[in-house]
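Note sheet for the following structure.
Laboratory data are not the source of any read-out in this text; all were calculated from the coordinates shown. This one's a predicted model, so the numbers in the text were calculated from it and none came from an experiment. Neighbour counts run over all protein chains shown; Cβ positions are idealised from the backbone, glycine included.
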Amino acid sequence: MHENIVSTKIFGIVATDKSAEKYISSQLFDEIEIKKVEKKKIQIILQGKFAKGIPNNEENIIFKAVQRFFTTHHKSFGMEITITKNIPLGSGLQEEEQMIDFVLQFLHEQFSEKFTSKYSTRMVSKNIEIIVFPEYKITKKWIDEISTFLSLPENNEKKENLFHYSPLFSLQENIIFSYYPDIYTQYKKLEKQNNNKQKHIGLVGAGSALYILS
């Protein structure tokens, strides 16, 4: 590969225990190729199955990471970045701060001094499978709004009348399974398939993907 072109894989991350900050890298990843150019600018080129709907400007996570790198190190060159999207938008596998952190680590390795991602030391290597529902872009804001509404004392009856309400599930899980019954169907199918096999099944991010951890 040309010395001015470097590439890496940015894996999707599953937070299995946010309170303890435990993360597991999924088998899904985006591919990033960075070309060093003379003109001091950042250009994003998007390709891949899930490129549609991804911004190629300062709203892009990778763009933000490169901007942060340039702001800190005042480099005299620019970057042309090609991103191959293999992870659907809204899957919950790419939290912004984590992705920026991983990209910053990669940029430092290639163009600057040593940098250690604050997330890398919290990563656990385990066998994890992801099932993504790319047609759903469930957001944390939407979940929070519904959760706040249903948590009001006067709305307890509405909460308990959710289509798939169960005290065994969290409020977030009850909301996802009620509004998106096919996710619930897949969850129960996996649960049945993996009964007594020491596997854990849970929601990823805001809820538009499932993970199976063995």
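Report the percentage of all Cα-Cα pairs in the stretch 128-213 whose separation exceeds 15 Å, rounded to a whole percent.
The share of Cα pairs beyond 15 Å in the stretch 128-213 comes to 59 percent.
Using 0.36 nm times the number of residues separating Leu213 and Lys49, minus their current alpha carbon distance, what extension gain do you get?
So the chain would gain 56.5 nm between Leu213 and Lys49.
With r as the distance between the Cβ atoms of Glu97 and Glu145 and R0 = 30 Å, compute the FRET efficiency 1/(1 + (r/R0)^6) and round to 0.05.
Computed FRET efficiency for Glu145 and Glu97: 0.85.
Mind scanning Lys85/Lys158; Lys40/Lys137; Lys159/Lys189; Lys9/Lys52 and naming the pairs with a C-alpha gap bigger than 28 Å?
Cα-Cα > 28 Å for Lys85/Lys158; Lys40/Lys137; rest within.
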